[in-house]
Amino acid sequence: QVQLVESGGGLVQPGGSLRLSCAASGSIFVITSMGWYRQAPGKQRELVATIRNGGVRDYADSVKGRFTISRDNAKNTMYLQMNTLKPEDTAVYYCNLYSRLRDYWGQGTQVTVSS
């Protein structure tokens, strides 16, 4: 079993920054990819960013140039550095790990961008 725990969410003013963390633990053997998704009220969950083995990164168009995904393999931890935050970035952010044809999800962390 794999456990994912997110942290780092909170309330921030427009233009501010936050750094999310996702710590993975449990029976982790092969990680194909890790990523961040978000879900705003009344909307479907959407991809924010992913990082695959070899360090290949993909971003949603809405966050390109503002968000950076990274991963510390030694710590089994993934990060999302979010800069120049906008009110439309407000959502619950979920950590995802894809391994051996299975998706694992964290419980989510709330990010609210408001003045």
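The values are calculated or read from the model by the stated rules, or taken from the named source; none is laboratory data. These figures come from a predicted structure and were not determined experimentally. Backbone-built Cβ (ideal geometry, glycine too); neighbour counts: all protein chains shown. Side chains included, ligands, DNA and RNA excluded: accessible areas come from the protein's heavy atoms. Shrake-Rupley method; radii C 1.70, N 1.55, O 1.52, S 1.80 Å.
Our coupling estimate for the stretch 12-17, obtained by passing each phi through the Karplus curve with A = 6.51, B = -1.76, C = 1.60 and θ = phi - 60°, is 9, 7, x, x, x, 10 Hz, Gly and Pro reported as x.
Accessible surface computed residue by residue for the chain, with neighbouring protein chains in place and a 1.4 Å probe, gives 54 Å² per residue.
What would the Debye formula give as log10 I(q)/I(0) at q = 0.09, 0.13, 0.18 Å⁻¹ for the alpha-carbon point model of the chain, no solvent? Listed by q, the Debye log ratios stand at -0.21, -0.45, -0.85. Distances between placed amide hydrogens fall under 5 Å for S99 paired with T32, Y104, all partners being 5 or more residues away or on another chain. Close amide H pairs (under 5 Å, H built 1.01 Å from N) link V2 with S27, residues at least 5 positions away or on another chain. Only protein atoms count toward the accessible area here, which uses a 1.4 Å probe; on the chain, the carbon and sulfur part of that area reaches 47 percent. About the centre of its Cα atoms, the stretch 1-103 shows a dipole size close to 140 debye [charges on the beta carbon of Lys, Arg (+1) and Asp, Glu (-1) only; nearest 20 debye]. Taking the alpha carbon gyration tensor of the stretch 1-59, multiplying each eigenvalue by 5 and rooting it gives semi-axes of 23, 15, 13 Å, largest first.
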